[in-house]
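These notes are about the structure you will find just below.
The values are calculated or read from the model by the stated rules, or taken from the named source; none is laboratory data. Computed from a predicted model, the values in this text were never measured in an experiment. A quick note on method: Cβ atoms are made from the backbone with ideal geometry, for glycine too, and the neighbour counts reach across all protein chains shown.
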Amino acid sequence: MIYVITGASGFIGKRLARQLLSRPDAKVYFLIRNATPERVERLRAFWGADESRAVALPGDLTLPLCGVDAGAIAALRGHVDHVFHLGAIYDLDADPQQEMQVNIEGTRNALALAEALGARRFHLMSSIAAAGLYEGVFREDMFEEAENLDHPYYASKHEAEKVVRREAKTPFRIYRPGIVVGDSRTGEMDKIDGPYYFFKLIQKLRRLLPPWAPMIGLEGGRINLVPVDFVVAALDCLAHTDGLDGRCFHLVDPQPRRVGDIFALFAAAAHAPRVSMRVNAALFSLLPRPVVQALKSLTPVRRIRKAVMKDLGLPEGILSFFNYPTRFDSREAQAVLDPAGIKVPPIEDYAWRLWDYWERHLDPDLFIDRSLRGRVQGKVVLVTGGSAGIGKATAMRLAEAGATTLIVGRDREKLDATAREAAECGLTLLPYSTDIADGAQCDALIAKIAEDHGGVEILINNAGRSMRRGIEHSYDRFHDFERAMQVNYFGGLRLTLGFLPAMAQRHSGHVINISSIGVLTNAPRFSAYVASKAAMEAWTRCAASEYLDRDVHFTTINMPLVRTAMIAPTRLYDHAPTLTPEEAAELVVEAIVKRPSRIATPLGVFGELVNAIAPRFARIVMNTAFRMFPDSATAVGKKENLEAPTADQIAFTQIMKGLYL
């Protein structure tokens with residue numbers, strides 16, 4: 001049996017060729033455009049076949065007769081049993097002109113090649129997209145009824161079918177698979193398509209919220225997913241069954257799932273929060289079309305839409321298909337496939353394999369150089385509070401990654417000691433002694449660094465002043481609030497304003513502010529500290545909006561409780577679960593590498609969410625903690641109490657790990 005396949009290097013084509021070559025008498029000629037020896041050998045290795053059974057056929061779909069050499073056509077004429085045409089562009093984001101040329105003219109050229117070869121049968125791999133956005137059930141014998149073919153991909157698949165139906169002289173069969181996903185047995189996939197477009201959103205939700213957090217999602221139409229192993233098995237069976245010429249077969253799931261159900265399945269596979277309530281997306285279609293179009297034409301709306309789609313990795317056309325209106329009848333295909341035992345496996349059985357393969361092999365983040373070294377090597381990075389704790393641990397990581405690392409602190413001796421410790425490890429830290437609460441010293445530091453290094457490219461505002469004292473013990477301590485603001489807000493702000501002009505001029509810069517989980521949870525006893533950090537966060541949000549188009553990034557890290565000298569006076573924290581400075585430094589590294597607007601623990605995000613939707617409940621929880629954990633002896637001017645924590649206190653700190661109490 002001799003086969004000619006176009007698109008044999010594609011996802012489905014590679015697996016179909018392997019399936020065909022499993023037949024002892026099979027010989028496959030595969031059309032290939034860039035027939036380099038390395039590429040050809042990789043395909044043969046995948047198929048487990050040598051050059052005697054897998055023969056490269058140099059060509060190009062966009063050329064007449066697919067660009068196949070006339071001598072090769074003459075040698076094969078009359079010997080080819082099947083021509084499988086799988087070569088096409090399957091991409092919602094593809095250039096429309098190129099898509100139309102390859103999918104339509106490529107089909108015409110492949111059909112002409114089959115006729116020139118005298119092939120016994122021509123097989124066209126079409127798509128359910130050929131039906132357009134048909135309202136209702138689309139049968140296998142329907143074609144002209146297709147409607148809403150505005151999208152270039154849908155139009156190109158429909159027109160390609162029309163070419164075969166109207167122009168073919170060779171007996172033909174047409175196959176319309178659903179949205180093809182990875183192998184149900186291995187999860188293997190080669191590109192982002194279909195439901196994979198939403199995997200990044202699921203991943204982001206998993207990082208933001210704990211898996212038990214309730215979510216509100218959208219419900220849409222039924223999306224037809226089929227694994228590639230089913231498609232290949234169905235193609236092989238239907239192609240070799242007699243008496244089916246001139247017919248079209250739907251390779252689809254007879255029981256497709258709704259968008260919300262599919263999203264829930266993959267969210268469960270990813271251990272992400274599950275959607276507990278859904279809003280039907282069809283409600284949005286009630287908006288008058290002119291109003292929708294007018295909104296889409298507004299510059300702010302277009303920019304926001306583009307930014308959101310880019311951040312989530314979604315193609316521009318994907319949202320228009322959310323309310324997919326078409327159901328596909330597949331009785332003709334099932335009548336042949338069911339007796340052969342070929343059925344679509346339930347997606348519940350393999351969704352986890354698809355997710356696992358995507359996260360290990362296809363996640364776009366895997367292909368971006370987002371190493372710390374890639375971000376900071378050769379760049380000037382300034383860390384305030386760099387002589388101890390989080391600042392010191394962060395500075396060490398930066399120096400290891402090749403950054404010119406400047407550390408700032410009030411105590412010259414501690415700075416020099418940290419620099420010597422780094423030198424003993426073969427690292428260089430450059431100390432600058434400055435009290436950032438002093439405006440004149442801040443101005444001098446900015447000028448000195450501009451003179452020494454030309455400014456900084458990454459500023460990490462880590463220096464901070466914390467105090468744990470209830471308001472009832474602060475009536476006569478207004479200076480506590482002033483001191484907190486001087487360091488946590490005004491100090492960081494002065495430095496940021498000093499280095500920001502050069503960043504904006506270069507169209508490159510990153511400001512990272514170390515804030516607190518207390519800002520998200522409204523932690524009692526930390527009113528002075530939380531207020532000062534909240535002020536910096538509010539200013540940062542404003543600045544991020546103003547400097548977005550100048551490529552200056554701002555990141556806020558809502559740091560949980562970290563075991564540093566800052567919390568040492570509170571003996572209660574000796575028994576509380578905390579991060580080490582090195583673990584906290586990892587969050588700073590994540591901020592530098594990924595440059596998000598915010599980094600927070602799931603508990604912090606959940607706390608902010610509860611404060612937004614159920615503020616009274618949040619206050620009850622915090623008031624309970626406030627009464628459960630008294631002020632330290634130091635805060636109220638008494639002798640230190642060294643009593644062991646109660647069982648209730650230990651249990652609460654374990655549940656609220658990292659929370660300031």
For this session: Would you check if residue 389 is on the phi > 0 side of the Ramachandran plot, crowded, with 18+ Cβ neighbours inside 10 Å and out of contact with any strand residue (DSSP E or B) (no Cβ under 6 Å at 6 or more places or on another chain)?
Result: yes
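Yes/no per residue for (1) in contact with an Asp or Glu (Cβ under 6 Å, 6 or more places away or on another chain); (2) closer than 20 Å to residue 380 by Cα; (3) among the charged types (D, E, K, R); (4) part of a helix (DSSP H, G or I):
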site: 495; (1), (2), (3), (4): no, yes, no, yes
site: 501; (1), (2), (3), (4): no, yes, no, yes
site: 518; (1), (2), (3), (4): no, no, no, yes
site: 528; (1), (2), (3), (4): yes, no, no, yes
Exercise. Only one of (1) outside the structural domain of residue 413 (by TED's automatic domain parsing); (2) over 25 Å from residue 199 (Cα atoms); (3) in contact with an Asp or Glu (Cβ under 8 Å, 6 or more places away or on another chain) is not met by residue 340, so which one is it?
Worked result: (3)
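Only strands (runs of 3 or more DSSP E) wholly contained in segment 401-461 count here; list those with 2 or more residues that are of a type outside the set (Phe, Trp, Tyr) and touching a residue at least 60 places away in the same chain (Cβ under 8 Å).
Working: elements: 404-409, 429-433, 458-461.
Filter on segment 401-461 gives 458-461.
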For this session: Could you run through segment 35-61 and say how many residues are farther than 17 Å from residue 86 by Cα and in a loop (DSSP other than H, G, I, E, B)?
Result: 8
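Taking the options 242, 253, name whichever one is surrounded by 17 or more Cβ atoms within 10 Å (Cβ to Cβ) and either of a type outside the set (Phe, Trp, Tyr) or at pLDDT below 70 (or both). Break it down stepwise before answering.
Numbers: 242 fails: surrounded by 17 or more Cβ atoms within 10 Å (Cβ to Cβ).
Matching residue, one of 242, 253: 253.
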Problem set entry | Unmet requirement for residue 391, which otherwise passes all of (1) modelled with pLDDT of 95 or more; (2) over 25 Å from the mean Cα position of the chain (by Cα) | (1)
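Yes/no matrix, rows are residues, columns are (1) surrounded by fewer than 18 Cβ atoms within 10 Å (Cβ to Cβ); (2) without any contact (Cβ under 8 Å) to a residue 40 or more places away in the chain; (3) among the aromatic types (Phe, Trp, Tyr):
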| position | (1), (2), (3) |
| --- | --- |
| 148 | yes, yes, no |
| 155 | no, no, no |
| 159 | yes, no, no |
| 165 | yes, yes, no |
| 172 | no, no, yes |
| 178 | no, no, no |
| 181 | no, no, no |
| 184 | no, no, no |
| 187 | no, no, no |
For this session: Would you check if residue 73 is in contact with an Asp or Glu (Cβ under 6 Å, 6 or more places away or on another chain) and either closer than 19 Å to residue 13 by Cβ or surrounded by fewer than 19 Cβ atoms within 10 Å (Cβ to Cβ) (or both)?
Result: no
Exercise. Has segment 539-553 got at least one residue that is modelled with pLDDT under 85, outside any loop (DSSP other than H, G, I, E, B) and within 25 Å of residue 458 (Cβ to Cβ)?
Worked result: no
Problem set entry | All positions within segment 79-103 that are over 15 Å from residue 59 (Cα atoms), modelled with pLDDT under 95 and hydrophobic (A, V, I, L, M, F, W, C) | 89, 92, 94, 100
For this session: Check segment 188-211 and report whether any residue there is farther than 23 Å from residue 88 by Cβ and small (Gly, Ala, Ser).
Result: no
